[in-house]
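Trainee: Sharing a structure, written as structure tokens. Questions coming.
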Amino acid sequence: MFFWRKNQVRTRFAPSPTGYLHFGSLKTILYDYLFAKQNGGKFILRIEDTDQTRQVEGAIESLLKTLKWVGLALDEGVFLNAGGKAAERGHFGPYTQSQRLKIYQEYARKLLKAGQAYYCFCSSERLENLRKEQEAAKKPTRYDWHCRHLTEDEVKAKLDKGEKYVIRLKVPENQEVEFTDWVRGTVKINTNEIDDQILLKSDGFPTYHLAVVIDDHLMKITHVLRGEEWVSSTPKHILLYAAFGWTPPEFIHLPLILNPDHSKLSKRQGDVTVEDYRADGYLPEALINYSALLGWNPGTEQEIFSLKELIKAFDLRKVHKAGAIFDREKLDWLNSVYIKKLPLEKFVELAMPFFLNVIPTKPERRVEESLRPLTKGSLDFAMANAIAPLGMTKEMVRKILALEQTRISKLSEVGKGMEFFFTEKLDYDAKILVWKKSPPKADSPLAKNKTAENLESLIKELESYPAGEWDKNKLEEKIKNFIKEKNLDNGSILWPMRVALTGLQKSPTPFEVADILGKEKTLERLKNAIEKLKSNI
């Protein structure tokens, strides 16, 4: 069942330029790429743009930019040139279907001449009425062969009158069509269940069925990987290969990606395009890693795969038949792993566009306009302009981002909940400064007084620390020694210190925050906290 051809493996992805790259398409592209690379083959990109009404301007360039971003290099076909425009390379072009119309028309005429196809002159009105009649009678909707047996003279007369026509495949009666799918095994269907499909439309453009067969054959595609929704179309393609006298490629129909409720992954239930995830701060390595696991199991405990590791480990025989459930939490976890693995300077470069969005002096910035990697010069310039009015330094920002790198799952979370670093005066209720275990009651005047005393004692301690030794590790060591010497519990000092510095009950450790704020700002916020407590007693 599973075999490789003796000639070079050639896979292809053939999208329509109708929008952004769906996550399911990314999985198909990745599987195409992995299979080609592990077999020393070629991965081709072809553009299927024969349905001119559905085209979206700029969609091809957007697709190519996204493929470049995720790191899947094309061997042949349509690619981005140095000017950022779609171009072609390879020996089997054109690779854009709208430039191949004469080829399709020529092969359609060959089918007519061989008696494998026929002219159909039925109007759209007649076909619509036929469909309604069949639906009313609860019969399958299909063409009724009205033009299938027209004589040559009748056809010629209609052509001479200039009647519009399409060309249909003459499907043989009562024959068994059989093919082997690498995922689903042997698939059989009787031709009586297959409609006489249209091959060439009245505008001279081919249908998907004719174009895909001709293109795959002429471009020497050996393995066709596509979504399982195309299983029902494959018998039609097998018939076309037979009509031309060609050998079909191998077929691999991949399971769909499903929402948690088992419905097809759709925009209604969340982001579905790769561009959506990029704008939300997911790394390309995480998206590739996760895409590989959507429908394929390596058979080991390994979950983190580089692209090189995937090329080595991927096996089409381990692709699941059932649809893969899209697990956002799993993707978030994978993304957090890749974020933590980044060198700090690279993380700062990637995170800065998102971080600048949460700085209050730049509310008009949009992440989408800032996604391109920033050079060091432009990064420094952007940081200087954004943070100067806040009294922050570049070193402070880098420390904040270093802290964020350990806790976020996507870049869009950078700075969320960290606004206290660049807020001039914190606004919080004095009650939350009191440690909940403070005797006799946390909200009593006695407890507030005691908290103020503890903070005053802490200030005296911190004032003695040299500015040159002000870092989170030394602060933690010294403050904990201070707590021990004063015979206090950690909560009575560290809790009000945390709240005083952040205005929050949940935040990074007070040592990390104090390190970033610096000695002067730390002491200032602790003094403000004491004033809050005393004014609320």
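Trainee: Just need the relative contact order of the range 196-283 here, percent rounded to a whole number, with Cα pairs under 8 Å and 6+ apart.
Mentor: Details: 64 pairs, mean separation 20.0, N = 88.
The normalised contact order for the range 196-283 reaches 23 percent.
Trainee: Same structure again: Please provide three numbers in whole Å: the alpha-carbon extents of the chain along the principal axes, with the largest listed first.
Mentor: Sorted largest first, the three principal extents are 107, 50, 46 Å.
Trainee: Taking every alpha carbon pair in the range 1-115, what does the distance histogram look like in 5 angstrom bins from 0, in percent?
Mentor: 2, 11, 18, 21, 18, 13, 10, 5, 1, 0
Trainee: For VAL183, which sequence-distant residues (separation of 5 or more, or a different chain) have an amide H within less than 5 Å of its own amide H, given hydrogens modelled in the peptide plane?
Mentor: Amide H neighbours of VAL183: HIS253.
Trainee: Considering only protein heavy atoms, what per residue accessible area in square angstrom results for the chain with a 1.4 angstrom probe? It would help to have the intermediate numbers written out before the result.
Mentor: Working: 26610 Å² over 537 residues.
With all protein chains present, the chain gives 50 Å² per residue.
Trainee: Same structure, new question: Which of rounded, prolate or oblate describes the range 132-173 when judged by the alpha-carbon gyration tensor and an a/c cut-off of 1.5? Please list the in-between numbers first.
Mentor: Details: a/c = 2.99, a/b = 1.96, b/c = 1.53.
In terms of gyration-tensor shape, prolate.
Trainee: Out of every Cα-Cα pair in the range 439-492, what percent are more than 16 Å apart? Mind dumping the intermediate values first?
Mentor: Numbers: 670 of 1431 pairs.
Value for the range 439-492 (Cα pairs over 16 Å): 47 percent.
Trainee: Taking just the alpha-carbon atoms of the range 397-537, what radius of gyration and Dmax come out, in angstrom?
Mentor: Radius of gyration, then largest Cα-Cα span, for the range 397-537: 14.9, 44 Å.
Trainee: Going by amide H atoms built from the backbone, whose H comes under 5 Å of the H on HIS223, apart from near neighbours?
Mentor: The list, which skips near neighbours in sequence, is ARG10, GLU250.
Trainee: Here's a follow-up. Take the alpha carbon atoms of the range 448-483, find their center, do the same for the range 295-357, and report the distance between the two centers in whole angstrom.
Mentor: Each part reduced to its Cα centre gives a spacing of 42 Å.
Trainee: With an 8 Å cut-off on Cα pairs and a minimum separation of 6 or more residues, tell me the relative contact order of the chain in percent. Present the calculation step by step, with values, prior to reporting the outcome.
Mentor: On the way: 738 pairs, mean separation 61.2, N = 537.
Relative contact order for the chain comes out at 11 percent.
Trainee: While we're looking at this one, here's another question. Rounded if a/c is under 1.5, else prolate if a/b beats b/c, else oblate: with a ≥ b ≥ c from the C-alpha gyration tensor eigenvalues square-rooted, which is the range 169-236?
Mentor: Working: a/c = 2.07, a/b = 1.13, b/c = 1.83.
Verdict is oblate for the range 169-236.
Trainee: For the range 418-486, calculate the relative contact order in percent as a whole number, restricting contacts to Cα pairs under 8 Å that are 6 or more residues apart. Numbers along the way, then the final one.
Mentor: Working: 20 pairs, mean separation 10.8, N = 69.
With pairs under 8 Å counted, the relative contact order is 16 percent.
Trainee: In whole Hz and in residue order, list the ³J(HN,Hα) couplings for the range 303-310 that follow from phi through the Karplus curve 6.51 cos²θ - 1.76 cosθ + 1.60, θ = phi - 60°; x for Gly and Pro.
Mentor: Result, ordered by residue: 10, 9, 10, 6, 4, 5, 5, 5 Hz.
Trainee: Next question, about the same structure. With the cut-off at 1.5 for a/c, could you classify the range 126-262 from its C-alpha gyration tensor as rounded, prolate or oblate?
Mentor: Working: a/c = 1.98, a/b = 1.46, b/c = 1.36.
It is prolate, given that a/c is not under 1.5 and a/b is the larger ratio.
Trainee: Using DSSP, restrict attention to beta bridges with both residues in the chain and report what percent are antiparallel, rounded to the nearest 5. Could you put the intermediate results ahead of the total?
Mentor: Details: 20 of 35 bridges.
Taking every DSSP beta bridge with both residues in the chain, the antiparallel ones total about 55 percent.
The values are calculated or read from the model by the stated rules, or taken from the named source; none is laboratory data. Just so we're clear, the structure is a prediction, and the values are computed from it rather than from any experiment. In case anyone asks, the SASA skips ligands and DNA or RNA and just uses the protein heavy atoms, side chains included. Shrake-Rupley method; radii C 1.70, N 1.55, O 1.52, S 1.80 Å.
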